[in-house]
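Data first, discussion second: the structure below is written as structure tokens.
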Amino acid sequence: MALPSFTHCIAEAICFGLETELPLRGAIAVGEAILDENKGVFLEVARAERCQRWIGASFGPSFMKTDFNQGFHLHTILPYKSQYKDSASEYATGLTVDWPRRWRESRGSDPRPALRCLDTNPEFSDYYGRSEAFASFSEENHDWFKKQKHLAFG
């Protein structure tokens, strides 16, 4: 599977999750998976996922260090950092899957009402609020890549 197809599939999975009342949060990493509980070595993706407070998917730091970051369809990703609990974290790359764009294009509507319907537990309201803010940011920056003269994700 090519990277552009992969980011499209991730966006679609997040949209489908919202439709089926299964909000998804995740992270995407590349490279060798090393798990060693005795040494405290865990997947980058697990650490990157935990540092987020929203519904969506961000890319981990391994994407910024490889040639994989050159194959995106720019309409499937979006530079954004407000979903992180600590934007100074080493896992806060600022590169995300633009799932709200996919929602608007495939469902022909705004994803924010779906987020509001799922926001029923005050313990997670901040997650939904940040997700709504991301959906607004996505809409406001729909063609962000057309305005950039030089793109560097590394």
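The values are calculated or read from the model by the stated rules, or taken from the named source; none is laboratory data. Bear in mind that the values here come from a model prediction, so they are computed numbers and not experimental data. So basically every Cβ, Gly included, is an ideal-geometry build from the backbone, and we count neighbours across all protein chains shown. Keep in mind that these areas ignore ligands, DNA and RNA; they rest on the heavy atoms of the full protein, side chains included. Shrake-Rupley method; radii C 1.70, N 1.55, O 1.52, S 1.80 Å.
With labels modelled as points extended 7 Å from the Cα through the Cβ direction, what inter-label distance (nm, one decimal) is found for ARG116 paired with LEU74?
Label at ARG116, label at LEU74, 3.3 nm between them.
Once phi is turned into θ = phi - 60°, what whole-Hz ³J(HN,Hα) does the Karplus curve with 6.51, -1.76 and 1.60 give for every residue of the stretch 92-103, x standing for Gly and Pro?
Karplus values, whole Hz, x for Gly and Pro: 8, 7, x, 10, 10, 7, 7, 5, x, 4, 4, 4.
As a test question: what accessible area, to the nearest 10 Å², does GLU140 have when a 1.4 Å probe is rolled over all protein chains in place?
Only protein atoms counted, so the area is about 130 Å².
Please list, in chain and number order, the residues 5+ apart from ARG25 or on another chain whose amide H is under 5 Å from its amide H, with Hs placed from the backbone.
Those lying under 5 Å, H to H, from ARG25 are GLY56.
Mind listing the phi-derived Karplus ³J(HN,Hα) values for the stretch 112-119, rounded to whole Hz, using 6.51, -1.76 and 1.60 with θ = phi - 60°, and x for any glycine or proline?
Computed from phi, the couplings for the stretch 112-119 are 4, x, 5, 5, 4, 5, 7, 7 Hz.
Would you calculate the separation in nanometres between label points at SER109 and SER5, each defined as 7 Å from the Cα along the Cα-to-beta-carbon direction?
3.0 nm
Of ASP98, ASP86, which has the most accessible area with a 1.4 Å probe, and how do the rest follow in descending order?
ASP86, ASP98
State the extension gain, in nm to one decimal, for the chain segment bounded by ALA46 and THR20, taking 0.36 nm per residue of separation less the distance between their alpha-carbons.
7.0 nm
Near the amide H of LYS85, under 5 Å away, which other amide H atoms are found, from residues 5 or more places off or on another chain, if H is placed in the peptide plane?
GLN52, ARG53
For TYR84, TYR91, give me the order by solvent-accessible area with a 1.4 Å probe, most accessible first, ignoring ligands, DNA and RNA.
Sorted descending by solvent-accessible area, the residues read TYR91, TYR84.
Net charge near GLN52, counting Lys/Arg +1 and Asp/Glu -1 over other residues with Cβ under 12 Å of its Cβ?
That works out to +4.
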